[in-house]
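Only one structure is covered here, and it is reproduced in the block below.
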């Protein structure tokens, strides 16, 4: 259990990065530094595209690595310090730069931070698939890992809203205070270095028992492309790959607009907003045992379809009520509104952990199917190809978030109550009904996934027989 927890602690770095990038980065550069939304979104999209390109390369390198410390651990260890440093610099740009200067700073250090994260994330995911060969054990391990990711993300947003960005007469909302961003980068940059160290040291006992590299191909670009295309031999991979691509696209559009929604659509102060990550955390706490129980009773496909359907309703029900039935909900400032938003975040936390855990576990099963088809283990490349698509989708989502803010003419340095009603309505319409329609396609694709428990057990029996001779 200590090893599994240490594995999970490492994923806190991904939770910190995702929460900070999603909740604060676009807002900081667009609102505080007055960089146009198109430029901010373009810089973040560029960083994700550059990051996405490195994913399959790192997966390829990790699958073929040979060292006394195994295939995965050296990459995780080498990523720690660059990741923390780049994260800090991202929130500490020099004062007095031009709009284009801030754009360059954002692009350079967002790319650097994301690439450093890739050198941790892809080997870490592949390590999990190797550590847990059993169908159900994989779900447990990735539940622990995802739980730490959700907890760390909640911690970032809670600490930031409660202590780094308090509402004052000078800064309302408190997120307009530039000093808070310096401390955000410094504190959590150091935490990221620490959690990766815990992951490496806590799982090093597994190194002698992990599979060794069977890599015989040259480590070049053509080998990477060939392996990426090879993953499409798995029909299950194709459905999950495209479904997750669309899901991530939706989530990132909504995440880029989420802080604006909390402040201007729901009228929440930063002190109230600090409760929201705790609600997400509570949802994740409930999901942790629930997803393990559900996947014991039902196949992973059914669980994934169910929670995604709940996610679709959760995105729309509260926002659509305010947009189309304005008399149904009380005015902003009412405790009822606060509880509506808290409930929404609770459900979001439940859905987030459930989806990520189930899909990560599915990919471990897909690695078995791929080995049966192709004759080689490619956990690193499978997770890298998944990550490539996720980051490409996230890049498009973040870019569209910036474009949409400019399209509805959302003003920079906007204080509470100084944004027109039409602009706020447009913000809610884009955040809710418009962006979530693609989730119906996602649900259909998840439904086509075919690796149930019986199929995975049969594949593993065939692989065991092949290895024995």
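The values are calculated or read from the model by the stated rules, or taken from the named source; none is laboratory data. Source: prediction; values computed, not measured. A quick note on method: Cβ atoms are made from the backbone with ideal geometry, for glycine too, and the neighbour counts reach across all protein chains shown.
Does residue 303 meet the test of being buried (at least 19 other Cβ atoms within 10 Å of the Cβ) and at pLDDT 90 or above?
Yes: the conditions hold for residue 303.
Here is a list: 47, 62, 112. Which entry is at pLDDT 95 or above, assigned to a helix (DSSP H, G or I) and out of contact with any strand residue (DSSP E or B) (no Cβ under 7 Å at 6 or more places or on another chain)?
112 is the lone residue from the list that is at pLDDT 95 or above, assigned to a helix (DSSP H, G or I) and out of contact with any strand residue (DSSP E or B) (no Cβ under 7 Å at 6 or more places or on another chain).
Which residue pairs have Cβ atoms under 6 Å apart, sit 6 or more places apart or on different chains, and have a first residue in the stretch 319-334 that is at negative phi and a second that is part of a loop (DSSP other than H, G, I, E, B) and exposed (fewer than 12 other Cβ atoms within 10 Å of the Cβ)?
Every condition considered, the pairs that remain are 321/328.
Say whether the condition of being over 25 Å from residue 411 (Cβ atoms) and touching a helix residue (DSSP H, G or I) at 6+ places or on another chain (Cβ under 9 Å) is met by at least one residue in the stretch 20-33.
Scanning the stretch 20-33 turns up no residue that is over 25 Å from residue 411 (Cβ atoms) and touching a helix residue (DSSP H, G or I) at 6+ places or on another chain (Cβ under 9 Å).
All but one of (1) surrounded by fewer than 19 Cβ atoms within 10 Å (Cβ to Cβ); (2) within 24 Å of residue 152 (Cβ to Cβ); (3) at pLDDT 90 or above hold for residue 313; which doesn't?
Status for residue 313: all satisfied but (2).
Please go through (1) over 21 Å from the mean Cα position of the chain (by Cα); (2) at pLDDT 85 or above; (3) buried (at least 23 other Cβ atoms within 10 Å of the Cβ) for residue 349 and return the number of the only condition it doesn't satisfy.
(1)
Would you say residue 24 is buried (at least 24 other Cβ atoms within 10 Å of the Cβ), modelled with pLDDT of 85 or more and either more than 21 Å from residue 185 (Cα to Cα) or touching a strand residue (DSSP E or B) at 6+ places or on another chain (Cβ under 7 Å) (or both)?
Considered against the rule, which asks whether it is buried (at least 24 other Cβ atoms within 10 Å of the Cβ), modelled with pLDDT of 85 or more and either more than 21 Å from residue 185 (Cα to Cα) or touching a strand residue (DSSP E or B) at 6+ places or on another chain (Cβ under 7 Å) (or both), residue 24 comes out as no.
Determine, yes or no, whether residue 54 is closer than 16 Å to residue 392 by Cβ and either part of a helix (DSSP H, G or I) or in contact with a helix residue (DSSP H, G or I) (Cβ under 9 Å, 6 or more places away or on another chain) (or both).
yes
Looking only at the stretch 179-225, filter to residues that are part of a helix (DSSP H, G or I) and at pLDDT below 70; which one of those is surrounded by the most Cβ atoms within 10 Å (Cβ to Cβ)?
Ranking the qualifying residues of the stretch 179-225, first place goes to 224.
Exactly one condition in (1) farther than 27 Å from residue 52 by Cα; (2) at pLDDT 90 or above; (3) surrounded by fewer than 24 Cβ atoms within 10 Å (Cβ to Cβ) is false for residue 276; which is it?
(3)
Out of 82, 133, 56, 93, I need the residue that is surrounded by fewer than 18 Cβ atoms within 10 Å (Cβ to Cβ) and either more than 19 Å from residue 201 (Cβ to Cβ) or at pLDDT below 95 (or both). Which one?
133
For the condition more than 30 Å from residue 318 (Cβ to Cβ) and surrounded by 19 or more Cβ atoms within 10 Å (Cβ to Cβ), what is the one hit in 442, 464, 435, 385?
Result of the check over 442, 464, 435, 385: 385.
Enumerate the helices (runs of 4 or more DSSP H) found wholly within the stretch 380-469, keeping only those where 1 or more residues are more than 30 Å from residue 71 (Cβ to Cβ) and either in contact (Cβ under 8 Å) with a residue 60 or more places away in the chain or touching a helix residue (DSSP H, G or I) at 6+ places or on another chain (Cβ under 6 Å) (or both).
Answer list for the stretch 380-469: 421-429, 438-447.
Conditions first: (1) out of contact with any helix residue (DSSP H, G or I) (no Cβ under 7 Å at 6 or more places or on another chain); (2) assigned to a loop (DSSP other than H, G, I, E, B); (3) surrounded by 17 or more Cβ atoms within 10 Å (Cβ to Cβ). Residue 167 passes all but one, so which condition is the exception?
Every condition holds for residue 167 apart from (1).
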